[in-house]
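Structure, as structure tokens:
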Amino acid sequence: MSGCCHSHHHDFSPTMPAGYRRALWLVIAINASMFFVEMAGGALANSQALKADALDFLGDSLTYGLSLAVLGASLKVRATAALFKGFSLAAMGLWVLGGTAWQVLVLGLPMAPVMGAIGVLALVANLSSVLLLVRYKDGDANVRSVWLCSRNDAIGNVAVLAAAGGVALTETAWPDLAVAALMATLFLSSASQIIRQALAERRVATT
């Protein structure tokens, strides 16, 4: 998904659009709620893909809170916050890859119906988040990181639904593991985008 980066970015501080703060609070509430729902569903269904997506919900809730904390701050502070989020997203991707490798060693068949039901609920939650944030997707690194995380979630949920169908058809865990690995790769790709832009903004702020 690295091709979705734009070369132009709007500076959202100090005149932050009033609607952005409200949208961010709503998205935080959605993500925090879905973390608990999807982690419980992942444990029940023995699905690595659901657990990976639940972890993404948790990470988004925490990083969106950080985004709120630095709204209106200097470019250097906002770029530093985005840099932290980029490295956190990279760590999340590595964690999911490690969890997927471990699951291969202790393979258990996920419960496709549970995966599908939770996946649909998570997709609705993430599409709502995307619609709330789409108008702000071309902001600075801090704002753009929020958009990328929300977009990743929606893509991840579609992939989880595909994994549920694959598990049901093949009666093996491999579709679930493949989707978890794909999501980890997406996390790492987005982390790279955020880190590159944040470093560039920090250089501008210190010149």
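Bear in mind that the values in this text are calculations on the coordinates, not laboratory data. Keep in mind that this is a model prediction, so the values were computed, not measured. FYI the Cβ positions are ideal-geometry reconstructions off the backbone, even for glycines, and counts take in every protein chain you see.
Projecting the Cα atoms of Leu83, Leu169, Cys149 onto the charge dipole of the range 14-205, computed from C-beta unit charges around the Cα centre, puts Leu83 farthest toward the positive end. For Glu201, Glu38, the sequence from fewest to most other C-beta atoms within 10 Å is Glu201, Glu38. Put +1 on the Cβ of each Lys and Arg and -1 on the Cβ of each Asp and Glu in the range 14-205; which of Met111, Ala69, Ser33 then has its Cα farthest toward the positive end of the dipole? So the residue furthest toward the plus end is Ala69. Ranked for footprinting exposure by Cβ neighbours inside 10 Å, fewest first, Leu127, Leu97 give Leu127, Leu97.
Remark: the range 50-61, residue by residue, has Karplus-estimated 3J(HN,Hα) of 5, 5, 4, 5, 5, 4, 5, 4, 5, x, 5, 4 Hz, where x stands for each Gly or Pro and the curve is 6.51 cos²θ - 1.76 cosθ + 1.60 at θ = phi - 60°.
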